[in-house]
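S.K.: Before anything else, here's the structure in question.
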Amino acid sequence: MRVFITGATGFVGGAVASALAQQGAEIHALSRSTAGCSSLGSFAVKWHEGDITDPRNLNGALAGSDYVVHAAGKLGQAGVQEEVYRRVHVDGTRNVMAAALASPTRPLVVHVSSPGVLGPISGDAATEDAPCRPSNSYERTKASAEQVVHEFASKGLRVVIARPEFIYGPGDRHVFKLFLAIRNRRFFYIDSGRHFCHPTFIEDAVRGVLLCLSRGREGETYHLAGPRAVTFRELGATIAAAVGVSPPALSLPYWLALSAAMGLERLSSLAGRTPPLSRTAVAFFSEDRRFSWTKAHNELGYTPQYDLAAGVARSVDWYRQHGCL
């Protein structure tokens with residue numbers, strides 16, 4: 001089995017590549033010349049130098065592939081222009097899908113998206129057929145990327161969309177900032193931490209992506225989420241217990257947090273720095289996001305194995321072993 005992976009130098013793509021390599025798959029991966037290729041350790045990987053935003057880099061690269069996992073993307077962060085996200089998520093996805101469609105082997109493509117395309121959720125956990133209502137640049141461009149995927153599916157490309165949500169775990173350096181802020185007692189809640197998020201441990205997310213490869217119905221979308229949505233207060237308290245500090249106590253009302261973020265963004269822009277608090281972060285911690293994984297369970301056999309406490313404990317152990325905490 002030959003699998004071509006984009007984003008293999010990243011957290012999710014690298015974990016998927018490692019899991020497939022352990023199963024005996026022949027891994028081919030795309031990497032920019034400036035990206036490190038050491039994250040997969042001793043597993044043999046055939047690296048193809050290039051960038052998904054340049055279609056010339058994909059010419060012939062997918063030839064002979066049975067499967068493609070398109071996991072490349074740009075993480076949401078403050079100060080990034082929407083055009084930057086669009087170039088990676090929309091134009092890059094179009095290039096990958098076109099290359100897959102042109103490949104003689106017509107590989108099955110698993111496109112790694114995000115339930116974030118649905119935007120903030122009010123009421124019950126959202127299913128895959130909920131309408132897309134993205135609320136920021138990252139979500140809008142990920143939603144547009146899914147439209148590109150469906151466009152190519154209508155042309156005959158075999159595709160499955162996987163939507164893993166709020167992924168954390170060993171090897172992650174993005175959500176790690178939250179662990180660090182709580183350990184250093186610099187984290188505060190917004191609106192008492194009453195809003196919901198839906199953390200997913202990396203091993204569960206990877207297992208879900210592999211099930212999409214082996215059992216996913218072509219043209220379908222699957223939410224891959226943790227066992228349950230939790231409030232940010234529960235998330236903060238769980239991380240605090242794992243790192244050995246008291247739970248965060250400070251809470252700010254939404255309006256005050258937003259005003260502070262706007263001021264910090266202006267000051268940081270003048271200083272050429274990343275703001276310690278952004279409007280994007282305020283939105284994340286003051287909106288509800290919870291998703292149903294029932295469809296993935298019924299059709300793929302997906303059942304998340306790690307509850308929040310177990311996943312956080314595994315993450316903290318890894319961070320300590322690697323001198324991060």
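Bear in mind these aren't lab numbers, they're just calculated from the coordinates by the rules spelled out. What you are looking at is a predicted structure, and each value in this text was computed from that prediction instead of being measured. Every residue, glycine among them, receives a Cβ derived from its backbone with ideal geometry; neighbour counts consider all protein chains shown.
S.K.: Relative to the present Cα-Cα distance, how much length would full extension add between Arg32 and Arg194 at 0.36 nm per residue of separation?
M.R.: Between Arg32 and Arg194, full extension yields 54.3 nm more.
S.K.: Now, a different point. Using a Förster distance of 30 Å, how high is the FRET efficiency between Arg215 and Asp317, based on the Cβ-Cβ distance and rounded to 0.05?
M.R.: It comes to 0.45.
S.K.: Sticking with this structure for a sec: Quick one: how many lysine pairs does the chain have with C-alpha atoms less than 21 Å apart and a gap of 8 or more or different chains? Give me the count, please.
M.R.: Number of lysine pairs found: 4.
S.K.: Take the alpha-carbon centre of region 124-140, take the same for region 206-236, and report the distance between them in whole Å.
M.R.: Each part's Cα centre sits 15 Å from the other's.
S.K.: Can I ask one more? Can you pull the one-decimal nm distance between simple spin-label points at Gln22 and Arg186, each 7 Å off the Cα toward Cβ?
M.R.: 3.4
S.K.: Give the calculated FRET efficiency between Ser259 and Gln305 to the nearest 0.05, with a Förster radius of 51 Å applied to their Cβ-Cβ distance.
M.R.: Once rounded, the FRET efficiency stands at 0.80.
S.K.: When the chain is fully extended, how far beyond the present Cα-Cα distance does Asp129 get from Gln77, taking 0.36 nm per residue of separation?
M.R.: Residue separation times 0.36 nm, minus the Cα-Cα distance, leaves 16.0 nm.
S.K.: Can you work out the Karplus-derived ³J(HN,Hα) for every residue in region 182-198? Use 6.51 cos²θ - 1.76 cosθ + 1.60 with θ = phi - 60°, whole Hz, and x for glycine or proline.
M.R.: 5, 4, 8, 6, 10, 9, 9, 7, 10, 6, 6, x, 7, 7, 9, 10, 9
S.K.: Please sort 200-210, 173-183 by packing, taking for each peptide the average over its residues of neighbouring beta carbons within 10 angstrom, highest first.
M.R.: Values: 200-210: 23.4, 173-183: 16.7.
Order by mean packing, descending: 200-210, 173-183.
S.K.: Right, next: Let me know the Rg and Dmax you get for the chain when you use only its Cα atoms, in Å.
M.R.: For the chain, the Cα radius of gyration and maximum Cα-Cα distance read 19.5, 58 Å.
S.K.: Now, a different point. Determine the distance separating the Cα centre of region 278-310 from the Cα centre of region 81-96; give it in Å without decimals.
M.R.: A separation of 24 Å, based on Cα centres.
S.K.: Regarding region 72-112, what is the average projected area of its C-alpha convex hull, in nm²? Kindly include the intermediate steps, with their values, before the conclusion.
M.R.: Details: hull surface 11.8 nm².
For region 72-112, the mean projected area of the Cα convex hull comes to 3.0 nm².
S.K.: Please find the FRET efficiency linking Arg266 to Ala44, where r is the Cβ-Cβ separation and R0 is fixed at 56 Å, and quote it to the nearest 0.05.
M.R.: 0.70
S.K.: To continue, here is another question. Computed on alpha carbon atoms, what radius of gyration and Dmax characterise region 120-259, expressed in Å?
M.R.: For region 120-259, the Cα radius of gyration and maximum Cα-Cα distance read 17.7, 55 Å.
S.K.: So for region 132-226, taking the charge dipole from beta-carbon charges (+1 Lys/Arg, -1 Asp/Glu), which of Phe188, His150, Pro199 sits furthest toward the positive end?
M.R.: Phe188
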